[in-house]
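Presented below is the structure to which this report refers.
The values are calculated or read from the model by the stated rules, or taken from the named source; none is laboratory data. Predicted model only: the values in this text are computed from it and were never measured. Cβ atoms come from the backbone with ideal geometry, glycine included; neighbour counts cover every protein chain shown. Heavy atoms of the whole protein, side chains included, go into the accessibility calculation; ligands, DNA and RNA do not. Shrake-Rupley method; radii C 1.70, N 1.55, O 1.52, S 1.80 Å.
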Amino acid sequence: MGNFEPEIVGLCCHYCAYTAADMAGSKRISYPSNVKIIRVPCTGKVDAIHLMKALEKGADGVFVAGCLEGDCHFKNGNTRAAKRVVYVKNYIESLGFEPERVAMYNISAGMGERFAQIAGEFTEQIKALGPNPVKNIKSNHQAAGQ
Amino acid sequence: MITAEQKPIEEIIEYIAPYDRILLVGCNECVTVCAAGGRKEVGLLASALHLHSLKQGKTVDIKEITLERQCDPEYVEELVSLIDSADAILSMACGCGVQTIAGRYKDKPVYPAVNTKFMGASESQGIWAERCKGCGDCLLGVTGGVCPVARCSKQLMNGPCGGTSNGQCEISPDTDCAWRLIWERLKALGMEKRYIEVMVAKDWRPAGGGGPRRIVREDLT
């Protein structure tokens, strides 16, 4: 467990979190390489199925990062995303998974430091939870298949 | 539309536990509109069932398909090519769809993944409310377009009961008193006289009191 390096998917809004991640890079602020970013046009585009598929395919954690409340480029995409994240948290909890594997953050395009902080905090949180149980089973099945 | 809600995931898991190959069937009609059993919900449920089975150390084969209408035999026929590769069918349609599938594929167990709720309309995004009981003898023409059968908790036919309070029903402050709505509507239309007219006892036979109902249109058969 000590060597566990989680795989984390970050679904980041083009207008804020993605730009913030870019800014973190420009400012040479490092954040864990565990976070794999997927850029979305707005977090309102993120549906429950995207979060579920990330976990099903073995991601240890997945977060959605959208604009600050009230600042969504498309008016309310981020508040819709926040509700979907809560829905998925409850859904995976009923399946026996830790709801903390899914999270929602709100940041602005200028918050490069905050993005790096979030990436670090979430990575530590997932490290504490341990690997997604699905991942081990999948790799065992694949090994058995080979 | 017919509204539905997904069953608790624990109940669905219990239904399909004995099987390795599941055919998960959604419906493109009412349950799609009320976000209970359309293509999107089929994908989500399949993903949840995969996650659960993997956590148990198993893999389950789930085939996803969403039919145009599950309550119509010609669309249910589309499952013929898939049925042999499934041990059980999990339907996300309303009770009509589940029964159409069960009637067509008699040697396969069919399980419902949703609870069919009521005939309702959308009040706003994500909120649906009951509007029709299918009583078979529509009264909306005399009640100003507000149904006392579906919207009055006691199904009263001649004005409100003593439980109405500030225009709301005693069962919940979120429930409008149907007879308050009827009165306001009739008044706005200048049809107050209709409110005074006493309605005779309603015949509940067309509402299902006479047993399961059918419609036969000779011109279409």
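General remarks:
- For A:52-62, mean number of other protein chain Cβ atoms within 10 Å: 3
- Exposure of B:TYR111 as accessible area (Å², to 10), given a probe of 1.4 Å and all protein chains: 50 Å²
- Using heavy atoms of the protein chains and a probe of 1.4 Å, the accessible area assigned to B:ASP20 is about 100 Å².
- Distances between placed amide hydrogens fall under 5 Å for B:ILE22 paired with B:ASP61, B:ILE62, B:LYS63, B:ASP87, all partners being 5 or more residues away or on another chain.
- Relative contact order of chain A, taken over Cα pairs closer than 8 Å and 6 or more residues apart, is 34 percent.
- Only beta bridges with both residues in the range A:8-145 are counted; by DSSP, about 5 percent of them are antiparallel.
- Averaged over B:51-60, number of beta-carbon atoms from partner chains that fall within 10 Å: 5
- Counting Cβ atoms of other protein chains within 10 Å of each residue's Cβ and taking the mean over peptide A:91-103 gives 3.
- The portion of the accessible surface of chain A made up by carbon and sulfur, rounded to a whole percent, is 51 (1.4 Å probe; DNA, RNA and ligands excluded).
- Cα long-axis angle, helix A:133-145 against chain A (0 to 90 degrees, to the nearest 10): 50 degrees
- Heavy-atom accessible area per residue - chain B, 1.4 Å, Å²: 55 Å²
- For chain B, the list of Cys residues with no other Cys C-beta under 4.7 Å reads B:CYS27, B:CYS30, B:CYS34, B:CYS94, B:CYS132, B:CYS135, B:CYS138, B:CYS147, B:CYS152, B:CYS161, B:CYS169, B:CYS177.
- Neighbourhood net charge (13 Å Cβ-Cβ; Lys/Arg +1, Asp/Glu -1) for A:CYS16: -1
- Normalised contact order of the range B:24-165, rounded percent, pairs of Cα under 8 Å and 6 or more residues apart: 18 percent
- Heavy-atom SASA rank of A:PHE115, A:PHE74 (probe 1.4 Å, accessible area, largest first): A:PHE74, A:PHE115
- Degrees separating the helix A:17-26 axis from the principal Cα axis of chain A, which is the longest one: 90 degrees
- The lysines whose alpha-carbon is closer than 22 Å to the alpha-carbon of A:LYS135, local same-chain residues fewer than 8 away aside, are A:LYS36, A:LYS53, A:LYS57, A:LYS89, A:LYS127, B:LYS55, B:LYS58, B:LYS63.
- Inter-probe distance in nm under a simple model that places probes 7 Å from Cα toward Cβ, at A:LEU68 and B:ASP107: 6.6 nm
- Distant-in-sequence amide H partners of B:VAL114 (H built 1.01 Å from N, under 5 Å): B:LYS7
- Helix B:95-104 axis, angle to chain B major axis (alpha carbon atoms, nearest 10°): 40 degrees
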